[in-house]
Amino acid sequence: FPPVLFLGMQEDPSLKTVFGNWELLAKILKVALRGVTLLHQETTGGPKTNTRKWNFKHVTPGCIAWAAVISIFLLSPDTEFQKSGLGKSSGINYKDLFFHYKKLFLMKWDSRRIQNIVQNINQDIFGSTKSSASTVGQEDHPSKIIRAMNPLNMDTDSE
């Protein structure tokens, strides 16, 4: 995990603070969902934001994983996403990072630590701290995916 994902951007060998830099992830998501001007001021009126277009009310494992990958991309020497998912200059496999991060969030979604991160991001973006139970209607369906993966005995290092 790169330092940008850790609390205070300080790598933690125990990984207890990975994704602790939730404020950066929230800002990335806020810009993608509500527009860059929201970072500087509350907007009133104007065109429909992605949040309203997509009826987005809280974050999902996929959007947090996406924001993590975007933060890495923005700090890399790469200037565009390649179809292959590999960074042309850096060699970073963004596609694999996204799938690994999303899988991690799905598998640990109900843990207290991940739920604290989710609640902080939701509060920052939407002004609410929706619980994981309210994500059932969203794209990721964490509990259903976990239930389907358990019988398959999938470990986190394969594929």
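The values are calculated or read from the model by the stated rules, or taken from the named source; none is laboratory data. All figures in this text were calculated on a predicted structure; none of them were measured in a lab. Methodologically, a virtual Cβ is constructed for each residue, glycine included, from the backbone with ideal geometry; neighbour enumeration extends over all protein chains shown. Areas reflect the complete protein model, heavy atoms only, side chains present, ligands, DNA and RNA absent. Shrake-Rupley method; radii C 1.70, N 1.55, O 1.52, S 1.80 Å.
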Notebook entry, point to check: Within the range 16-27, can one find any residue that is in contact with a strand residue (DSSP E or B) (Cβ under 9 Å, 6 or more places away or on another chain) and at pLDDT below 85?
Noted result: yes
Next item on the list: Within the range 57-73, track down each residue that is part of a loop (DSSP other than H, G, I, E, B) and open to solvent by 60 Å² or more (accessible area, probe 1.4 Å).
Entry: LYS57
Next item on the list: Please name all residue pairs, on different chains or six or more residues apart, with Cβ atoms under 8 Å, provided the first residue is in the range 84-101 and is under 14 Å from LEU74 (Cα atoms) and the second residue is open to solvent by 80 Å² or more (accessible area, probe 1.4 Å) and β-branched (Val, Ile, Thr).
Entry: LYS88/THR79; SER89/THR79
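Can you find, within the range 74-94, the residue that is most open to solvent (accessible area, probe 1.4 Å) among those that are under 15 Å from PHE1 (Cβ atoms) and not aliphatic (A, V, I, L, M)? Even if it seems obvious, please write down each step before you answer.
Going residue by residue through the range 74-94, those that are under 15 Å from PHE1 (Cβ atoms) are 75-76, 92-94.
Cutting the leftovers down to not aliphatic (A, V, I, L, M) gives us 76, 93-94.
Details: SER76: 21, ASN93: 47, TYR94: 8 Å².
This residue is ASN93.
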